[in-house]
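Have a look at the structure below before the remarks.
The values are calculated or read from the model by the stated rules, or taken from the named source; none is laboratory data. Owing to the predicted nature of the structure, the values given are computational and were not obtained by experimental measurement. Ideal geometry is used to build each Cβ from the backbone, glycine not excepted, and the neighbour counts take in all protein chains shown. Note: accessible area is taken over every heavy atom of the protein model, side chains too, but ligands, DNA and RNA are not part of it. Shrake-Rupley method; radii C 1.70, N 1.55, O 1.52, S 1.80 Å.
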Amino acid sequence: MKRSPLNRGEFLAALASLLLLGLVIGTIPAQAQQVPRGPWVDEVSFFIEQDQAKAIDMLQKGEMHVYFRDLRDPELFRRVRESPDLWYIYSYGLFYELTFNPVGPEFPATGKLNPFSVPGIREAMNYVIDRDYIASEIMGGLDVPRYTALTPAFPDYARYADTIKQIEKEYAYNFEKGRQIINQEMTKLGAELREGKWYYKGEPVTLIFLIRVEDQRRQIGDYVASQLEKLGFTVDRQYKTSREASPIWLRGNPADGNWHLYTGGWIATAIDRNEGGTNFGFYYTPRGQPVPLWQAYKPDPEFDRVAGKLWNNDFATIEERDELVTKALWLSMRDSARVWVIHQIAPWPARKDVVLTYDLAGGFSGARLWPYTIRFSDRVGGSVKIASTDLLVDPVNPVAGSNWIYDMFFIRATSDPALMPDPYTGLYWPNRIKNAEVYVTFGNPVGATLDWVTLRFVPEIRVPEDAWYGWDAEKQEIITAPSGTTAKVKSVIYFEDDLFKRKFHDGSTFSLADIVYSYILTFDRADPKSPLYDESYVPVFEEFRAVFKGLRIISEDPLVIEVYSDRTYLDAEWIANEAASWFFTDYAQGPGPWHVVAVGALAEEAGELAFSADKADAQKVEWMNLLAGPSLPVLAAQLDKAIAQQYIPYEKVLGQYVTKDEAVNRYQNLKRWYQSMGHFLVGNGPFYIEKVDPTAKAVVIKAFREFPDTADKWARFTKPIIPEAKFTSVPSAVEQGFPSELKLSVTFGGQPYRTDDIAYVKYILSSPAGVSVGFAEPVTDGEWRIILKPENTYAMPIGTASIEAIVVSKLVGVPVSATASLNVLSFRDSMLSEIAKAKADADSKIAGLRSSIDNLNNQLNNVNTSLQGVQGSITLATALAAVAIVLSLAGIGLTFARGRRAAAQQKS
Amino acid sequence: MQVKRIALYLARRGIVLFLTVVAAVYVTILIANMGGYVDEIIKSEVLFRVSTSVYQNPAYRGLNETALKKLVTELYENEIKRLGFDQPFFIRSFNYLADALTLNLGRALFLSSDSGSRNVRIILMERLPNTVLLFTTTQLILFFIGLFGGLYLSRKYGSRTDKIVSLLAPFSALPGWFYGLFLIIIFASVLRILPYGGMVDIPPPTDRFEYALSVLRHMILPIMSWLIAYSFFNIYTRRTFFLILSKEDVVEVAKAKGLP
C-alpha cells in the first residue's frame, strides 16, 4: 500500500502524541508514588536462616535483603565489611564480665581459701586483665572494653562520661600493679608464695573457674585463667554450657565452694535511660536477685547506702542523683563483685540497596521504627526479604501471647503505638498524640527534653472523684476514685484530632470503645470473680494497681485524657508514654481492636482457649494463637456466636460507646478478614499479615495503604546523627599560669552540628597531677572552644598532658570524643618564655623603630637632596630672574630712551 | 488343663514383660531427668529469666526492694507451677511413668508446634508429613539405586564400574549435610539454579501447584546430598549381598538347571 504524505504526517503526529502521553502517564504515577501512604515498600517476607555464613552469601547474591540477627563471628563480619554490596550497623546490647564468689575467706563447706572474698583482690583483677587485648585479639575488634556497670552508648554513660573516663584511666591494664596488690592481700590471708605458686595450709590455692563455652567467653575464660596462673594460682578450668553452669553459680549456694569465678554475660534489648538507678543495686548488692549468690554480697555500707538510694529513687533532684551515681561508680570499682570485661559491638548486615532504622540496643529487629522506614534506596515499592534465626516461636495474641523478638518484629509492624520510642536516645516521640502535659509533685526528679511535652511541678495532685479507678467484675461497673486519693503524677494526653477516623486492617474504624475495652480488660483478668481471671497475671496487675490512680476522659473526640499515677520516671516523655499507652490498642504483644480481643475472650470464657501460657497449661487447653493452628476454628466458631448474639462485651459500660449494629459490623469485618487472610490478627500498623506458613516458617506482610501517615514521617530516623568531633586548633604549648584556648569542630556528614542539638561538650584534662573537668563553649554551629583558665594551667605539671572532649548529643545516646596532647611548660619557663617573648617583642619593636628611623633618615636625606636640588633651581631661577630683571630694566631704559628721543624729534 | 497351663504361662510372661517395660521406662525417665537434677537446671533458668525480665523492665524501677522481691517470687512460682515443678520430682516421675505407659504424650514444657500448639501430638504430627516427604522419598530413591546398582555390579563383578563404586563407598563415612555444604555453594551460590535452603520459595507461592513445584525444587539439594553420601555404600553392600547370594547352593542348582 502506498502511504500518502498526509498519512505519514498523521502517523508521526500520533506517534509523538503517544510518546508524550506515555511520558505523562509514566511520570504521574512515579511522582504520585514518591511518598506513599503507609510504608515505602509493598511487601516484606520473613524466613529462617540459622547458618550465618550462608546468610551472608545470600545477602551478597540478593536472595535476602536484611538479616535480623547480629553477627558474632569476626571472620563473617570481615566478609560483610569487605563486600561492596553490603552495609552494616552496630548494636550495643551484649556484655561480658567476671562474676566472683564473695564468700570467705574460707568456704564454710570445704575450708578452702577463696581469694575473691577480699574486695582488694577483686579490685586488683581490673589491672590483671587486658581488656584492649580481649577486644582486639579475642573478639576481633567487635567489642569495646567495659569497666563499669554503665553501658557505653546508653544515656547514663554519656551523662557520667567524665567519671567513667577517669575510671578507665585509673583501672587500665597494669599487671604488675595488680600482682603487687594481690600478693599483699594473699599474704594477709595467710597464703604463701612458693616457687611461683600460692599455697594455703599446705595445699595449692586452686580456683574453680566456670567457663561458658557457647560463645567467645570460652576464649576470654582461657585468657583470664592464664593471667591467674601467671599470678601463681592453680586454675581448675571447668567448661560448661549455660544449663550446666547455672545450677552451680546461680541457684547453688556459693558457700559450698563449688566455684570461685564465672564468665558472666548479660544482654540489654532496649535503651535503658536509668542504668545508674538500678545497675549498682542489681549487680553488686543483695537487691539484685533472690538467689544465694546475690544474698551473699556484702557491699561496703557506704556503697550499699548509695546503691539503695539510687535503687529506690531516693533523691530529690537530678544533681543529687549525679552525685550518687558518681560516687557509686567509684565505689563499685572498689567492690568489684564483678569485673566488667567487654561490651560487644554487634554488627547487623543488610544489602546496600535497602535502608531501614536500627536501634542502638536491639539492632534491626529490635527497632520499633523499622517497618516505618524500610525502603529500597533507589525506588518506591518492591518486595523485601528478611531472614532471622527463628520465627513463629510461640502463639500470637495481643493480651499474653509470644513476646519473643522473633515474633515481635513482624507483629509490631502490624500495630501502631501512641508514642514511638527513639531508637537512638530511648526517649519517646508523639505518633498518635499531639502533645502532653505532665504535672509532677515536688521532690520527684523529672526532666523534659523534647518540646512536645510540658513539665510542671506542683505541690500536690488530687485525683478527682469521678476519675475511673478500677472495675467491679461482679457488678460489671467501673469503680471511681475513692475520696482523698492522691497521685505523684498527672498526665494530660491530647490525641490526634482524627484519631477516630483511623481504620483497622479489616476496615473497622478505631473508636473510643477500643480504649474503654482495654481499660476494663486490664482489671477484669485480675479479678477472681471474672471468667477471664488469670492467676498468672495477678502479680503484674498488682504492681500496676499499686501505681495506677485514675483515668479521666476529658474530651471524647478529639480524645483528651487525664491519667493519674504514682510512678515517675526521670524523663517526662516516659511518663507521658505510659499514660497514653496503658489502654491504647497497641497491647504489649500486638494490636488489639476490641472486637478481636472480645472473640478471644469468648473462647477463654468457654474454656476452649486461653490468652496466657500459664492458664492454657493449667486448664489443659490451647494457648490462643490468632495466626495459625487449632485456635483458628475455635475463634471462628466464637465469632459466629458473637455475630448471632450481637454480642457487646461488658455491655453495661461498653454499650455506651458501641451499638449492636456497630458491633455486628465489626464482627462481619473480622469474618471477611478471616475468610480472605486465614488468620485473626487485625491491627492498624503500616503492614498487615498477608500470609503465614507455619510449616515453611514463613510470614509475608503487605503494605497497608490506608495508613494515615506518609512513608517519610520518620525519615529522620533512618540514620543516627552521631556527631563527629575533632580538635581543629590546639596550642603548640600550654604555659603554666597562662590561659590557653583549643577549638573543636562538631559535625555530622561534614555539616556543622547544630548547637541546640548538643546536650553538652565536656572536657577532661588529664595530667600526672590529676584530672580536671570543664565544659566547652559554643562559638557557632559546629564550632566549640575550650578555654583553659590560668588557674587550670598553673596546676598542670610540666610535660605532656592530654585533653579529651566528650560530645553528647540530644539526638543520639552515643557520646563521642576527641583527644589531643598538650605540651605543658613550667611557670619559670613560662615566665622566661614570656620575658623572652617580651624581649623578642621589644627587640623586634626596637628593630622596627630603628628601621623606621633609618627610613626617616633616608627620607630626610632624600628631602635634603631634594631641597638641595630645589635650592640650585632657585639660585638658577634667581639668577635668571636677575638677568630677566636686568634685561627688563634694560628694555624699560631703552623704551624710555626711545620715548625721549621721539619727543625730542617732535619738538624739533 | 493344657489351655490353663498356656494361659498361666502367657500371664506370667505378660506380667514379667510388663514389669520389665515399666522398669525400663522408669529408668529412662530417671536417666533423662538426671535423677531430678534437670529440675534444678530448669528452675535456675526460670528464676534467672523471670528476675532479669522484672529488673530490666523500666516500669518496675520505682518499686521498693520488698515489692520487687515479692513480684519476682510470685512470677517465679507461677511459672514453676505452670511447668508442674511445684511437685517433687519423685511424685512427678510416677506421673511421667503413667503418661508414658498410657501413651499420653501430653504437653511440651517449652516447645511449641509451628502453629503454636504445645500439644506434643500436634507437634509430632505437624513435623511428620515433611519428614515423611523428604526422608521417604530419599530412602525410596536410595533403595532403588541400591537394588538396581547392586544387581548390576554383582553381574559386573571386577569391572571398572565395580571398582569405581567400591572406591567411592567410603563417601558414606561423612554425613549428608557435609556434602550439602558443597552442593549449596555450587548450585545455590555459584550457579544460582537451586535454592539455598528452606522448604519453599520466599514469599511462598499462592498457587497450590506452584507451591508444590517449589517444594520439589527445594527437595533437590537435600536429596542429592543424601544420595551422594549413601548411594555408593548402598550399592556396594547390596552388590556384596547379591554376590554372596549368587554363591548359594540354590542359585548354583538353579544355574545348573539352566536359569540365566
Ignoring any ligand, DNA or RNA, what whole percent of the accessible area of segment B:12-92 comes from carbon and sulfur when the probe is 1.4 angstrom? 69
Nonlocal Lys pairs with alpha-carbon distance under 20 Å, segment A:584-681 (8 or more apart, or different chains): 5
Could you tell me, in Å, what Rg and Dmax come out for the Cα atoms of segment A:666-768? 27.4, 82
When DSSP assigns beta bridges and you keep just the ones with both residues in the protein assembly as shown, what percent turn out antiparallel, to the nearest 5? 80
Using per-residue counts of other Cβ atoms within 10 Å, averaged over each peptide, order A:350-361, B:168-179, B:223-234, A:129-140 from highest down. A:350-361, B:223-234, A:129-140, B:168-179
For segment B:153-203, place one equal point scatterer on every Cα, skip the solvent, and apply the Debye formula. What is log10 of I(q)/I(0) at q = 0.13, 0.16, 0.27 Å⁻¹? -0.53, -0.66, -0.95
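Run the numbers on chain A and let me know its relative contact order in percent, using alpha-carbon pairs under 8 Å that are six or more apart.
14
Would you calculate the volume per residue, in Å³, of the smallest convex hull containing every Cα atom of segment A:494-594?
119
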For segment B:128-202 and segment A:689-727, what is the separation of their C-alpha centers, rounded to whole Å? 42
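As a test of the definition: which semi-axes, in Å, follow for segment A:293-335 when you take the square root of five times each eigenvalue of its alpha carbon gyration tensor? Largest first, please.
20, 12, 7
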Can you give the accessible area of A:Lys54 in Å² (nearest 10), computed on protein heavy atoms with a 1.4 Å probe? 40
Please list, or write none, the aspartates and glutamates whose alpha carbon is within less than 13 Å of the alpha carbon of A:Lys309, excluding same-chain residues fewer than 8 places away. A:Glu320, A:Asp322, A:Glu323, B:Glu65
With all protein chains in place and a 1.4 Å probe, A:Lys488 shows an accessible area in Å² (nearest 10) of 90
With a 1.4 Å probe and all protein chains kept in place, how do A:Val538, B:Val72, A:Val779 rank by accessible area, largest first? A:Val779, A:Val538, B:Val72
Calculate one ³J(HN,Hα) per residue across segment A:42-58 by plugging θ = phi - 60° into the Karplus curve 6.51 cos²θ - 1.76 cosθ + 1.60, and present them in order as whole Hz with x for glycine and proline. 8, 7, 10, 10, 10, 8, 9, 9, 8, 7, 5, 5, 5, 4, 5, 4, 5
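Heavy-atom accessible area per residue, the protein assembly as shown, 1.4 Å probe: how many Å²?
Per residue, the protein assembly as shown has an accessible area of 46 Å².
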At a 10 angstrom cut-off on C-beta neighbours, averaged per residue, how do the peptides B:45-53, A:699-707 rank from highest to lowest? A:699-707, B:45-53
Evaluate the Debye formula for chain B with equal point scatterers sitting on the alpha carbons, no solvent, and hand back log10 of I(q)/I(0) at q = 0.07 Å⁻¹, in q order, two decimals. -0.55
When the accessible area of segment A:214-316 is computed with all protein chains present and a 1.4 Å probe, what percentage of it is carbon and sulfur? 48
Any idea of A:Tyr647's accessible area? Nearest 10 Å², probe 1.4 Å. 50
Send over the per residue convex hull volume for chain A, Cα only, as a whole number of Å³. 397
Taking every residue in A:378-388, how many Cβ atoms of other protein chains lie within 10 Å of its Cβ, on average? 1
Exposure rank, largest accessible area first [A:Asp614, A:Asp756; 1.4 Å]: A:Asp756, A:Asp614
Residues hit by the 50 Å² burial cutoff in segment B:183-200, accessible area with a 1.4 Å probe, assembly against chain on its own, are B:Arg192, B:Tyr196
Can you pull the mean other chain C-beta count within 10 Å for peptide A:53-63? 3
What ranking of A:Phe500, A:Phe233 comes out by heavy-atom accessible area, probe 1.4 Å, highest first? A:Phe500, A:Phe233
From Cα pairs below 8 angstrom and at least 6 apart in sequence, can you work out the relative contact order of segment A:594-752, rounded to a whole percent? 14
Peptides A:428-437, A:666-675 ordered by average Cβ neighbours within 10 Å, highest first: A:428-437, A:666-675
State which entries of A:Lys54/A:Lys352; A:Lys165/A:Lys789; A:Lys713/A:Lys762 exceed 27 angstrom in Cα-Cα distance in the structure shown. A:Lys713/A:Lys762
If you take each beta carbon of peptide A:304-313 and count the beta carbons of other chains within 10 angstrom, what is the mean? 2
Considering Cα pairs under 8 angstrom that are at least six residues apart, work out the relative contact order of chain B and quote it in whole percent. 17
Using alpha-carbon positions, what is the distance between the centroids of segment B:1-42 and segment A:412-452, in Å? 63
List the residues of segment B:203-245 whose accessible area drops by at least 40 Å² when all protein chains are present, compared with their chain alone, using a 1.4 Å probe and counting only protein heavy atoms. B:Pro203, B:Pro204
Just to be sure I understand: if you take the accessible area of chain B alone plus chain A alone and subtract the pair, with a 1.4 Å probe, what total do you get in Å², rounded to 100? 5400
As a check on your grasp of the helix formula, calculate [θ] at 222 nm for chain A: sum -39500 (n - 2.57) over DSSP H runs of n ≥ 4, divide by the residue count, round to the nearest 500. -12000 deg cm²/dmol
Cα convex hull of segment B:109-192: mean projected area in nm², to one decimal? 8.9
